[in-house]
Amino acid sequence: MISKFATTAQYSPSAFEPLPMSLFSYLYLLNPKTFLHSMALLYRAIAMAVYLENNDISCRITKFIRRRETAHRWSTAHHIVNGRIKIGALRALKDGRDRDGNLWYKQDWDAGYDDKESASRCELIRINAIKLGSPQTVYSEEGYEPGDPARLPNLQDIPISKHVFGLAIDALVDWSKLGGPWSAFAREVVTKFGLVRPVYDEEWHFEVNPGTLLVITHYIIVPPHRVAGWLIHWVARNWKGMRTFTNRKTG
């Protein structure tokens with residue numbers, strides 16, 4: 001039961017998994033429509049990580065903001081590999097590249113397939129998509145709006161990833177110490193911090209429980225100064241990499 005855990009957590013170094021986020025990425029958090037939601041999610045996820053780490057349960061936050069370009073590339077790769085995108089959609093790209101410059105098609109790879117056939121039937125196209133996709137080419141949602149030419153060659157019906165707006169966060173938890181990722185104990189811990197995991201086969205994907213957006217009990221479990229300490233430590237460890245990425249992006 002949760003009552004066996006300490007009520008006030010200290011942060012520990014193993015919780016400080018570098019987030020794949022740059023200073024440039026923080027601009028997405030300034031959207032007034034999602035700012036409160038994003039900040040609530042980030043605070044709660046860090047509080048949960050601190051809380052679990054203080055009780056010898058590994059919890060590493062791995063993804064928060066996802067750049068639109070990354071979301072698009074990962075989503076397109078996934079839907080090519082899984083057979084939803086047709087070869088004709090790839091052939092229609094100028095020089096086989098999308099608006100972001102990702103190469104999805106070469107004429108040399110073409111073995112005379114019909115435009116309406118799945119692109120995954122061509123082994124070289126499939127191998128290339130796997131290289132461009134996320135690890136294990138898991139299901140990923142889009143970064144660009146439907147109708148935006150930058151979305152091509154991906155499908156128009158793919159939802160936009162909540163990571164793009166800071167409305168989802170990924171964390172790797174040692175669920176074995178909680179009786180498994182979907183045990184009653186694990187669910188209780190997630191609920192304790194006002195979070196939900198809406199995708200059953202993605203135990204690492206967290207969102208704010210919309211019915212608890214203004215609930216502040218987690219501030220008592222892990223006080224704000226503990227969460228601030230986590231953030232300061234993370235920024236100190238990753239400042240050089242963040243600045244390098246931002247300069248490369250804007251320079």
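Give the residue, chosen from Y105, Y113, that is more than 24 Å from Y139 (Cα to Cα), among the hydroxyl-bearing types (S, T, Y) and free of Cβ contacts under 8 Å to residues at least 60 places away in the same chain. Explain how you work it out, then say what you get.
On the way: Y105 fails: more than 24 Å from Y139 (Cα to Cα).
Matching residue, one of Y105, Y113: Y113.
Here is a yes/no grid of residues against (1) in contact with a Gly (Cβ under 8 Å, 6 or more places away or on another chain); (2) under 13 Å from N128 (Cα atoms); (3) of a type outside the set (D, E, K, R); (4) outside any loop (DSSP other than H, G, I, E, B):
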| position | (1), (2), (3), (4) |
| --- | --- |
| I57 | no, no, yes, no |
| I61 | no, no, yes, yes |
| I65 | yes, no, yes, no |
| S75 | yes, no, yes, yes |
| H78 | yes, yes, yes, yes |
| R84 | no, no, no, no |
| A89 | no, no, yes, yes |
| D100 | no, no, no, no |
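V215: at pLDDT 75 or above and of a type in the set (V, I, T), yes or no?
So V215 fails the test.
Can you pull out the residues in segment 173-190 that are within 15 Å of R44 (Cα to Cα) and exposed (fewer than 14 other Cβ atoms within 10 Å of the Cβ)?
Within segment 173-190, E188 is the sole residue that qualifies.
Across segment 117-142, what is the number of residues that are on the phi < 0 side of the Ramachandran plot and in a helix (DSSP H, G or I)?
Total satisfying the criteria: 14.
Restricting attention to segment 68-95, which residues are within 21 Å of the chain's Cα centre (by Cα) and surrounded by fewer than 19 Cβ atoms within 10 Å (Cβ to Cβ)? Talk me through it step by step, then tell me what you get.
Our first condition is that a residue be within 21 Å of the chain's Cα centre (by Cα); within segment 68-95, this holds for 68-82.
Result: E69, N82.
What's the total number of residues in segment 132-172 that are among the polar types (S, T, N, Q) and surrounded by 20 or more Cβ atoms within 10 Å (Cβ to Cβ)?
The qualifying residues number 3.
Residue-by-condition table, conditions (1) over 19 Å from the mean Cα position of the chain (by Cα); (2) touching a residue at least 40 places away in the same chain (Cβ under 8 Å):
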residue	(1), (2)
Y51	yes, yes
D56	yes, yes
R66	no, yes
R97	yes, no
G101	yes, no
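Is there a residue in segment 190-207 that is among the basic types (K, R), modelled with pLDDT of 95 or more and either over 15 Å from F64 (Cβ atoms) or not in a helix (DSSP H, G or I) (or both)?
yes
The values are calculated or read from the model by the stated rules, or taken from the named source; none is laboratory data. Just so we're clear, the structure is a prediction, and the values are computed from it rather than from any experiment. Note: ideal-geometry Cβ built from the backbone for every residue, glycine included; neighbour counts use all protein chains shown.
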